[in-house]
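Asker: Structure in structure tokens, see below.
The values are calculated or read from the model by the stated rules, or taken from the named source; none is laboratory data. Here the structure is a predicted model, which means the values were calculated and not measured. Reconstructed Cβ throughout: ideal geometry from the backbone, glycine too, with neighbour counts over all protein chains shown.
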Amino acid sequence: VPFFSTSGSQFVEVFVGIGASRVRDLFANAKRVSPCIIFIDEIDAIGRSRASGGFMPQNDEREQTLNQLLAEMDGFTGNQGVVVVAATNRADILDNALLRPGRFDRRVQVNLPDLPARRAILDVYVKGKPMADNVDLDSIAARTTGFSGASLENLMNEAAIFAARKGKELIETDDVDAALDRIMLGSEKTNRALSERVKTLTAYHEAGHALVGAFLPGYDAVQKISIIPRTGGSGGATFYLPAEERLTSGMYSVDYLQNQLAVALGGRAAEDVVYGPEHVTTGASSDLQQVTRIARSMVTQYGMNDKVGQLNVEDAMMRQGMAPFLETSEATKETVDREVRQVVSDAYAKAKQILQDNRLLLDETARRLVESEMLSGEQFSSLVAGYKAAEPNHAIKKTKSNPFAFS
């Protein structure tokens, strides 16, 4: 079957009428060899909604191109034998006329691959690459939740580059790990000369995240803890293995979200516990952004707060002044602000209490991070398991003069 492939951006030009002319030519060529398929990538470039009264300026050339496309797909003459397929990442902004029956009336949602799909995709992208026996594709698939097929291809290509730079003949696990870190956090900084104080503080910050999660029942397992500074702006990072079921369903319980808040605040809480509230740093800025977003959503969107109730007040607050019947009272706004602060405060208290109760383990985790700059999930799990199994007074001994003096 003949196949015509094009992009929405190829139709729109500066000169009026060019786009419509190209649409007519495309369909004329397709009809001559029908039955055939026309594929238009990034259809939103010409198919954006024409609704008036919005904030975006009107584009006459784009509208003429869209009108011609509508006529060709389902006008008086029809397009018998021509199947039109389009792709977009923004189906929500497409014009209603483009989506009505007779045009693009069948929608196929392509979601991100789940665990079995990621494993199968990895099988495709390792073909032709010399892989060492120690590379576990099942583990890589489990650690790449949220990756698309293209992201997985990029991961394996980056791993091959890391191996080649080291003069290796085979791609090994550490090459894949390095590639994954680079994709998620950026490259390692070439100048990594950090003062001992900064390195220690970063180690405590990341250890705080990891330990809070480890002592919250049912929370995601730690995959890796790193204090290697990255070009992406990260001084350190703690990776988790999120449950596949939660990510694919998009359903999160109150308990999980509250724990997520506590884990996100674990870094700041660790700085508070170790150095005191007057010496906490700006290292938690991105954590606080995440915490504010989650807490506010719990109160205003998810109905997870007793004082606000089972209401979605976020839309009403966003549309204030645009739709009178959705106006939110000042009392409700004050309640929302107060409850968001309370949710965050409770989570911080939980995180701080966990770290205070397990201060010896916090010190030991930070010490090991300073020494090696990285702990794997297995190393961290073993450390926590050993701490829990031993008597608190004999697990790890610490002197008052030096938090890193252990015997």
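Residues checked against (1) aliphatic (A, V, I, L, M); (2) surrounded by 14 or more Cβ atoms within 10 Å (Cβ to Cβ):
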residue	(1), (2)
Leu122	yes, yes
Asp138	no, no
Arg143	no, yes
Ser148	no, yes
Gly167	no, no
Asp175	no, yes
Ala178	yes, yes
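Asker: Turning to a different aspect of this structure: Here are some conditions: (1) assigned to a loop (DSSP other than H, G, I, E, B); (2) in contact with a Phe, Trp or Tyr (Cβ under 9 Å, 6 or more places away or on another chain); (3) modelled with pLDDT of 85 or more. Ile37 meets all but one. Which one does it not meet?
Answerer: Answer for Ile37: the failing condition is (1).
Asker: How about region 333-386: which of its residues are modelled with pLDDT of 95 or more, crowded, with 16+ Cβ neighbours inside 10 Å and small (Gly, Ala, Ser)?
Answerer: Ala347, Ala351, Ala366 - these are the residues of region 333-386 that are modelled with pLDDT of 95 or more, crowded, with 16+ Cβ neighbours inside 10 Å and small (Gly, Ala, Ser).
Asker: Separate question: Exactly one of these conditions fails for Ala269: (1) among the small types (Gly, Ala, Ser); (2) touching a helix residue (DSSP H, G or I) at 6+ places or on another chain (Cβ under 6 Å); (3) within 28 Å of Ala141 (Cα to Cα). Give me its number.
Answerer: That leaves (3) as the condition not met.
Asker: Answer yes if at least one residue in region 273-282 is modelled with pLDDT of 90 or more and in contact with a strand residue (DSSP E or B) (Cβ under 6 Å, 6 or more places away or on another chain), and no otherwise. Please lay out each step first, then the result.
Answerer: So the first thing to find is which residues in region 273-282 are modelled with pLDDT of 90 or more, and the list is 273-282.
Next, only the ones that are in contact with a strand residue (DSSP E or B) (Cβ under 6 Å, 6 or more places away or on another chain) stay: none.
No - not one qualifying residue is present in region 273-282.
Asker: Any chance region 106-113 includes a residue that's surrounded by 15 or more Cβ atoms within 10 Å (Cβ to Cβ) and in contact with a Cys (Cβ under 9 Å, 6 or more places away or on another chain)?
Answerer: No: zero hits.
Asker: Inspect all residues belonging to region 344-365 and state whether any of them is closer than 27 Å to Leu201 by Cβ, part of a loop (DSSP other than H, G, I, E, B) and in contact (Cβ under 8 Å) with a residue 40 or more places away in the chain. I'd like the intermediate steps shown before the answer.
Answerer: At the first step, the residues of region 344-365 found to be closer than 27 Å to Leu201 by Cβ are 344-365.
Still in the running and part of a loop (DSSP other than H, G, I, E, B): 358.
Filter once more, so that each one left must be in contact (Cβ under 8 Å) with a residue 40 or more places away in the chain: 358.
For region 344-365, residues closer than 27 Å to Leu201 by Cβ, part of a loop (DSSP other than H, G, I, E, B) and in contact (Cβ under 8 Å) with a residue 40 or more places away in the chain: present.
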